[in-house]
Amino acid sequence: NSFAASRSTAEWKAIDTAHHLHPFTDHKSLAAEGGSRIITRAEGVWLWDSEGRQLIDGMAGLWCVNVGYGRKELADVAHEQMLELPFYNNFFKTTTPAAVELSKKLAEITPEGLNHVFYANSGSEANDTIVRMVRHYWDLKGQHRKKAIIGRNYGYHGSTMVAVSLCGMGAMHRQADLPFPGFHHVMAPYWYDYGGDLEPEAFGKLAAKAIEDRIKELGADSVAAVIAEPIQGAGGVIIPPASYFPELQRICKQYDVLLIADEVICGFGRTGEWFGSDLFGIKPDLMTLAKGITSGYLPLSAVMVGDKVAETLIEQGGEFYHGFTYSGHPVACAVALANIRIMEREGLVDRTRTDIGPYFQDRLREAFADHPIVGEVRGVGLIAAIELVDDKKTRRRFPNYGEVGALCRNHSFANDLVMRATRDAMVLSPPLVISRDEVDELVRRAKVAIDATA
Ligand code: PLP
């Protein structure tokens, strides 16, 4: 009786090709390759396609299915909430118990001082919201020129017009004549790429100084905020040296610039801490949450607002003319609460830090550190990148930079492993419930793909 079984694979593919425009997809080449793979069901870290093949999901969907697939508990909570109260909004002077309870929980588990929550539906919307909030904040403080936001190259913050402007992704900018004025980008703390002869810690300080230099160039009185993912995920799992964030934090304080941590990927245990900010000791003024907040079972995002900003917005701001119909959707909030409860009950964050994360990192290094086309294996907890290069010694890229990664991704997909490519960095971010045997199988399949690419 399943929905998936209601049509044949050929029918699903044909209808998809005829009507469905996918995100981040070249449809001409998709059609030439015979259409999409139809994913029909999932359990734990495993996916099945319409032809019955079983894939290991090395990406937790899109860095989000942290508690793994097939959690009946989450389906039950959604079902109960839908029957009791499927929807009510939070505009004006109403709310729902699920939104209230989740707000309390998020204030408890996020770093100290982040005690207020504004909900949206996606990471992109949450980041749009933050830009509006920080501009409003500085206006209320009488600093009407403080509008500019500084992001980093390879940063990913979403796909709406403002979120793309925050991103440091040239290809995305070019297609839409972006970034908007007032959005600036500086060097990423990408030691493997830009570090040259510098030790990582010296490079970390240099990368932070790039932000200080830009603040000085623009004038501190015109810079509202810096936005940073603790680990740049979609940009290629770029892990900053330990010196980077303390220095960035100091710079933001010195120049009175707000620091925004985009935790859409790092949040909810991915790095072995609840938040990437915990890992690096960041004390952000605002924080973006999405993905792992519901483990992807329903769309939900949140902006955590620190006390300093919240107080001004509340005391002086009057009505904030901003919000989405589904801000704080009760079903999504109920699922988020149940998802966090599962993470706590099963100790998934501790397990990622002390057990399965280190195991995953060790196996990857063992399998690939000496591989002829692997320049660097980097990662922490259950997020990692395997950077493919033409020459290990000189870190020289392949001449067809980007195409080698795509080839490797195709090999891995054909071998029933979901592993993504960012340029030539192969990236991994499996569900936090992955077992040791499953890690071994994932690494074995990744090796088949990388060997085939070499
Ligand atoms: N911020 C980060 C760090 C992300 O990785 C993403 C998505 O991958 C986003 C924001 C955008 O989130 P969404 O796709 O839900 O709009």
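Read the figures in this text as sums done on the coordinates, not as results from a lab. Worth saying up front: this structure is predicted, and the values here are computed from it rather than measured. Note: ideal-geometry Cβ built from the backbone for every residue, glycine included; neighbour counts use all protein chains shown.
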Got a sec? How would VAL67, VAL349, VAL77 order by Cβ neighbour count within 10 Å, fewest to most? VAL77, VAL349, VAL67
How high is the relative contact order of region 117-180, in percent, with contacts defined as C-alpha pairs under 8 Å that are six or more residues apart? 27 percent
Taking 56 Å as R0, compute the FRET efficiency from the Cβ-Cβ separation of VAL100 and LYS392 and round it to 0.05. 0.55
Contact order normalised by length for the chain, with contacts defined as Cα pairs under 8 Å and 6 or more residues apart; what percent is it? 20 percent
Taking a ≥ b ≥ c as the square roots of the Cα gyration tensor eigenvalues, with a/c under 1.5 meaning rounded and otherwise prolate when a/b beats b/c or oblate if not, the chain comes out oblate
Suppose the chain between ALA32 and ALA406 were pulled fully straight at 0.36 nm per residue; how much longer would it get relative to their current alpha carbon spacing? 133.1 nm
Formal net charge of residues neighbouring LYS147 (Cβ-Cβ distance under 12 Å; K, R +1; D, E -1): +2
Burial ranking of peptide ranges 236-243, 446-453 (average Cβ count within 10 Å, highest at the top): 236-243, 446-453
Ranked list, fewest to most other Cβ atoms within 10 Å of each Cβ, for TYR137, TYR192, TYR401, TYR321: TYR321, TYR401, TYR192, TYR137
Positive-pole candidate from PRO86, GLY405, ASN339, dipole of the chain, charges at beta carbon: GLY405
So if I place +1 on the C-beta of Lys and Arg and -1 on the C-beta of Asp and Glu, and nothing else carries charge, what would the dipole magnitude of region 74-345 be about its Cα centre? I want it in debye, nearest 20. 400 debye
With only Lys, Arg, Asp and Glu charged, each at its Cβ (+1 for the first two, -1 for the last two), find how big the charge dipole of the chain is about the Cα centre; round to the nearest 20 debye. 600 debye
Students often check this: by mean Cβ neighbours within 10 Å, which of 270-282, 42-54, 214-226 ranks highest, and how do the rest follow? 270-282, 214-226, 42-54
MRE, 222 nm, helices only [DSSP H, n ≥ 4, -39500 (n - 2.57), over the chain, to nearest 500]: -13000 deg cm²/dmol
Residue pairs, from the table LYS105/LYS141; LYS209/LYS253; LYS393/LYS447; LYS104/LYS146; LYS72/LYS105; LYS141/LYS291, whose Cα atoms sit over 24 Å apart: LYS105/LYS141; LYS104/LYS146; LYS141/LYS291
I'd like to know which of THR40, TRP274, GLY155 lies farthest towards the positive end of the charge dipole of the chain, counting +1 on Cβ of Lys and Arg and -1 on Cβ of Asp and Glu. GLY155
Three-way shape call for region 18-176 based on the alpha-carbon gyration tensor, with the a/c threshold at 1.5: oblate
Please order SER165, SER429, SER8 by the number of other Cβ within 10 Å, starting at the fewest. SER8, SER165, SER429
